[in-house]
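One structure below.
The values are calculated or read from the model by the stated rules, or taken from the named source; none is laboratory data. As the structure is a computational prediction, the values presented were derived from the model and not from experiment. Quick reminder, even Gly has a Cβ in these numbers, built from the backbone with ideal geometry, and neighbours come from all protein chains shown.
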């Protein structure tokens, strides 16, 4: 470090660097100083704890191997003593398992040796955006937010706020219609990448032949129809979050390529000769049990472990019935705003009817029911007759029954009715015959929808 750089060192200390190798410490100090950040050094876990007790920092960078312990001990110490302080670990190249352990313990992110300075700068930039602030819940897509005051949802809120403060891959598991994308947007909006793009992709809605080009982009002339260079979803999400919805729908061949992109933090566009680095956070979701898909050989175990560093379970609506009044009020207000008029109200008996219903389609089904009720209601108050629940919808099948319903050969009481046929065709028209999207909107599995279409000769 030259004399000019030392004179320009900021008065405040921003970063604590914990490493016992002099050359690594000097490299990190020089890189941070060029970013306008001053740092302090510690060569052991004990020295780091002493410095953390003496002052506050904005970021801690720690090597994994230290003379008197390891970086994981320091991650745990910081989580207990200063949970708002982002800590990133420096691991040996290829030590993905160790890095994942660090993320599970609460580390913000990790970098590998030899330290690539561009990746280090990106990590530091994101970490320093996590300034202390008043907690808030940003609006999600379409003005949606996390509505509910039940114990299950209060716990979910706490988990979301915690996950927003690191870069760990999160797998959001929940039934269709529970609001998995809304939750992914909240994790993004509360985190260090909030100013970057949020790019959602429905993995079941992309043709297998186009997947590689859609995810990684392509070069002009790389295949018939490639008339210009095109960036992929990974490139579009640079500096932000890529949300892989219904990740269980990915074919095995694409899973291999996705795993490499996530591990290497780089992609190679179709027709390109070299990989290009991409700085994205991966969030994923599915209504399917990925561990079961792994056991059935339909999902790669290594990819499962890579995207499933932390699992966030979204409770179905039937597990938080006490939230139905608040959700209904919110939905009715949104419908009234869209239509331009006063919000309709639910009568006590109509609310009781909704609270006694199992909602296999969850919040999305509640929205559809209330939209239909508003269309049928002639006054300002919605009655049970306006909600028009079907008798066959009033019971929830057991787990084995749900398995049966999902098979190609199953039949359901009242399933093959003209009313259901109209509803399914309407949902398909609204989604331009995107069957995965239509199935989610209808609150059923893709296999159930395919079975009905096959049965009616519409496949």
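Tabulated data
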item: Test: residue in the stretch 297-307 that is surrounded by fewer than 15 Cβ atoms within 10 Å (Cβ to Cβ), in contact with a helix residue (DSSP H, G or I) (Cβ under 7 Å, 6 or more places away or on another chain) and under 21 Å from residue 253 (Cα atoms); result: yes
item: Qualifying position, being touching a helix residue (DSSP H, G or I) at 6+ places or on another chain (Cβ under 6 Å) and surrounded by fewer than 19 Cβ atoms within 10 Å (Cβ to Cβ), among 150, 195, 207; result: 150
item: Candidate set from the stretch 71-102 (those that are part of a strand (DSSP E or B) and modelled with pLDDT under 90); member that is farthest from residue 127 (Cα to Cα); result: 92
item: Matching residues in the stretch 167-204 - criterion: being in a helix (DSSP H, G or I) and more than 19 Å from residue 125 (Cα to Cα); result: 180, 181, 182, 183, 184, 185, 186, 203, 204
item: Single condition residue 215 does not satisfy, out of (1) under 22 Å from the mean Cα position of the chain (by Cα); (2) over 18 Å from residue 288 (Cβ atoms); (3) surrounded by fewer than 23 Cβ atoms within 10 Å (Cβ to Cβ); result: (3)
item: Identity of the residue in the stretch 338-357, modelled with pLDDT under 90 and part of a helix (DSSP H, G or I), that ends up surrounded by the fewest Cβ atoms within 10 Å (Cβ to Cβ); result: 338
item: Candidate set from the stretch 55-106 (those that are on the phi > 0 side of the Ramachandran plot and free of Cβ contacts under 8 Å to residues at least 60 places away in the same chain); member that is surrounded by the fewest Cβ atoms within 10 Å (Cβ to Cβ); result: 94
item: Selection from the stretch 259-295 of residues that are over 25 Å from residue 446 (Cα atoms), in a loop (DSSP other than H, G, I, E, B) and in contact (Cβ under 8 Å) with a residue 24 or more places away in the chain; result: 265, 268, 269, 271, 272, 278, 279, 280
item: Qualifying position, being without any contact (Cβ under 8 Å) to a residue 60 or more places away in the chain, touching a helix residue (DSSP H, G or I) at 6+ places or on another chain (Cβ under 9 Å) and either farther than 30 Å from residue 448 by Cβ or not in a strand (DSSP E or B) (or both), among 222, 213; result: 222
